[in-house]
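Student: Just passing along the structure, written as structure tokens.
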Amino acid sequence: ANMTNLMDDVLTLGKLTSGSVLCTPEDIDLVDFCEKLTEEFNLIQKDGRVLDFVTAGEASKLQLDPKLLTHSLNNLISNAFKYSVGKKNPRLGIEFKSTEIVLSIKDYGLGIPEEQHLHLFEPFFRADNVTEIQGTGLGLSIAKEYVEVNKGILSVTSILGEGSCFY
């Protein structure tokens with residue numbers, strides 16, 4: 001299965017770098033969208049943890065490509081669970097501001113060494129504290145590209161041993 005995952009990720013990345021990923025925006029109710037996603041994740045967790053979902057500000061509809069958004073969020077939420085086993089629930093948040101909407105995926109897990117934050121979104125890069133945990137090192141670079149195709153910006157804050165938050 002690992003080889004298949006790797007091939008899928010490499011092919012996806014190839015599509016992205018050639019500029020052939022289509023963005024088809026439609027009106028999305030982001031709160032509704034994220035509630036459904038949260039439910040899906042909460043049905044498959046085997047260790048009793050769930051994804052907590054919180055919103056702030058006045059909700060507004062926006063134009064996004066749902067497929068790209070789903071892919072980006074799935075990757076980030078899966079990571080949040082994967083890298084914080086035995087810790088508090090990860091959290092998905094939406095903050096509606098006047099000029100932007102901030103989606104955040106926060107976990108209370110391993111955290112990422114500070115000097116490695118810059119490299120996180122490079123293809124095949126994996127932080128040196130996660131070598132025991134399976135991954136292709138492509139998920140974040142794909143998530144970042146998908147977010148950018150969707151006219152967004154993906155960034156991270158993280159403290160080693162305390163957890164990470166992807167915005």
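Student: Tally the residues that are within 21 Å of residue 24 (Cα to Cα), of a type in the set (A, V, I, L, M) and assigned to a loop (DSSP other than H, G, I, E, B), restricting the search to region 136-167.
Tutor: 2
Student: Further question on the same structure: Has region 138-158 got at least one residue that is acidic (Asp, Glu) and either under 22 Å from residue 34 (Cβ atoms) or in contact (Cβ under 8 Å) with a residue 40 or more places away in the chain (or both)?
Tutor: yes
Student: Now a separate question. Tally up the residues in region 90-134 that are in a strand (DSSP E or B) and among the aromatic types (Phe, Trp, Tyr), please.
Tutor: Result for region 90-134: 1.
Student: Separate question: Can you tell me which residue is surrounded by the fewest Cβ atoms within 10 Å (Cβ to Cβ) among those in region 154-164 that are among the hydrophobic types (A, V, I, L, M, F, W, C) and more than 11 Å from residue 103 (Cβ to Cβ)? Spell out how you get there, then give the answer.
Tutor: Taking region 154-164 first, the residues among the hydrophobic types (A, V, I, L, M, F, W, C) are 154, 156, 159-160.
Pick out the ones that are also more than 11 Å from residue 103 (Cβ to Cβ) and you get 156, 159-160.
On the way: 156: 17, 159: 12, 160: 14.
Going through the qualifying residues, I end up with 159.
Student: Could you tell me which of the residues 32, 52 is open to solvent by 50 Å² or more (accessible area, probe 1.4 Å) and touching a Lys or Arg at 6+ places or on another chain (Cβ under 7 Å)?
Tutor: Values: 32 fails: touching a Lys or Arg at 6+ places or on another chain (Cβ under 7 Å).
So the residue among 32, 52 that is open to solvent by 50 Å² or more (accessible area, probe 1.4 Å) and touching a Lys or Arg at 6+ places or on another chain (Cβ under 7 Å) is 52.
Student: Then there is this: Suppose we keep only residues that are out of contact with any Phe, Trp or Tyr (no Cβ under 8 Å at 6 or more places or on another chain) and either of a type in the set (Gly, Ala, Ser) or exposed (fewer than 14 other Cβ atoms within 10 Å of the Cβ) (or both) within region 35-49. Which one would you say is farthest from residue 83 (Cα to Cα)?
Tutor: Per the criteria, the residue is 36.
Student: Could you check region 78-124 and list, in sequence order, the residues that are in contact with a strand residue (DSSP E or B) (Cβ under 7 Å, 6 or more places away or on another chain) and either on the phi > 0 side of the Ramachandran plot or open to solvent by 60 Å² or more (accessible area, probe 1.4 Å) (or both)?
Tutor: Answer for region 78-124, where residues must be in contact with a strand residue (DSSP E or B) (Cβ under 7 Å, 6 or more places away or on another chain) and either on the phi > 0 side of the Ramachandran plot or open to solvent by 60 Å² or more (accessible area, probe 1.4 Å) (or both): 91, 95, 111.
Student: Going by what's in this entry, would residue 24 be described as of a type in the set (S, T, N, Q), at pLDDT 90 or above and part of a loop (DSSP other than H, G, I, E, B)? Give the derivation first.
Tutor: Details: of a type in the set (S, T, N, Q): yes; at pLDDT 90 or above: yes; part of a loop (DSSP other than H, G, I, E, B): yes.
Spelling it out, residue 24 is indeed of a type in the set (S, T, N, Q), at pLDDT 90 or above and part of a loop (DSSP other than H, G, I, E, B).
The values are calculated or read from the model by the stated rules, or taken from the named source; none is laboratory data. All values reported here derive from a predicted model rather than from experimental measurement. Note that each Cβ is placed from the backbone with ideal geometry, even for glycine, and that neighbours are counted across all protein chains shown. Areas reflect the complete protein model, heavy atoms only, side chains present, ligands, DNA and RNA absent. Shrake-Rupley method; radii C 1.70, N 1.55, O 1.52, S 1.80 Å.
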